[in-house]
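This report refers to the structure that appears directly beneath it.
The values are calculated or read from the model by the stated rules, or taken from the named source; none is laboratory data. These numbers come from a predicted model, not from an experiment. All Cβ positions, even for glycine, are placed from backbone atoms using ideal geometry, and neighbour counts span all protein chains on display. Note: accessible area is taken over every heavy atom of the protein model, side chains too, but ligands, DNA and RNA are not part of it. Shrake-Rupley method; radii C 1.70, N 1.55, O 1.52, S 1.80 Å.
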Amino acid sequence: MEEKEISKAVIKRLPRYYRYLGELMESGVERISSNELSERMNVTASQIRQDLNNFGGFGQQGYGYNVEYLYNEIAQILGIDKIHYMIIVGAGNLGQAIANYTNFEKRGFVVKGLFDVNPRLEGLTVRGIPIQNLDEMPNFIKEHQIEIAALTIPKTRASEVVEILVKSGVRAIWNFAHTDLKVPDGVIVENVHLSESLMRLSYNLVNMKRNKKLEK
């Protein structure tokens, strides 16, 4: 049977479902209807049902969703029911901030190594993880079965570093460098453009102010 292709919009919403379901579990909620979840998430109940039906539905008419079961099922769909070893390339402020964010480990993303070209950073530790020279990275990736690399380096060095990562066996890149990466088939890139996000926020702020003026 041919596997159903899931839209990017649905995939984008899955982590939100996971987060809200986790909060419900912490509050002791065992069951929830799509209407109740809709009120919390500001997503229509119909949309919730459609999204979850892509993966089998998980709910029963008049019975709702078992919160813990759905939470665990979405974790499995997202692949965060298992451990993913990752490295951070670029141990500046952003790289160190990512390494210090312990919630990633709760989601199964374990930072095993930090790498940088700056010799003054070599040997320093971030949350017990030593910063190593970039030359040590290929062997480290192979020895520690690294799947994911977070790229927090200037865009001028991104292509060179990505080539090393791919040759060393990394198959997923979390890209904070301000450039679009060219990678071969079989390598996944998730781009995080902080400045673009801030510009979208600015656009929405300006338009909100403009619409309020028009209403007066």
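Side notes on the structure shown:
- For Tyr101 and Glu36, a Förster radius of 25 Å and the Cβ-Cβ distance give a FRET efficiency of 0.25, rounded to the nearest 0.05.
- Helix 8-26 and the longest principal axis of the Cα set of the chain meet at an angle near 80°.
- Across the accessible surface of the chain, with the other protein chains kept in place and a 1.4 Å probe, carbon and sulfur atoms take up 49 percent.
- Principal-axis tilt of helix 155-168 within the chain, Cα atoms, nearest 10 degrees: 90 degrees
- Look at the alpha carbon pairs under 8 Å that are at least 6 residues apart: their mean separation over the length of the chain gives a relative contact order of 13 percent.
- Added length on full extension, which subtracts the Cα-Cα distance from 0.36 nm per residue, Ile6 to Leu205: 68.4 nm
- In the context of the full set of protein chains, residues of segment 168-216 present 81 Å² of accessible surface per residue (probe radius 1.4 Å, heavy atoms only).
- Theoretical ellipticity at 222 nm over the chain - DSSP helices of four or more residues, -39500 (n - 2.57) apiece, nearest 500: -14500 deg cm²/dmol
- Residues in segment 123-163 that a label on Val189 would reach, taking backbone N under 17 Å of a point 7 Å out along Cα→Cβ: 148-163
- Beta bridge orientation in the chain: antiparallel %, DSSP, nearest 5: 20 percent
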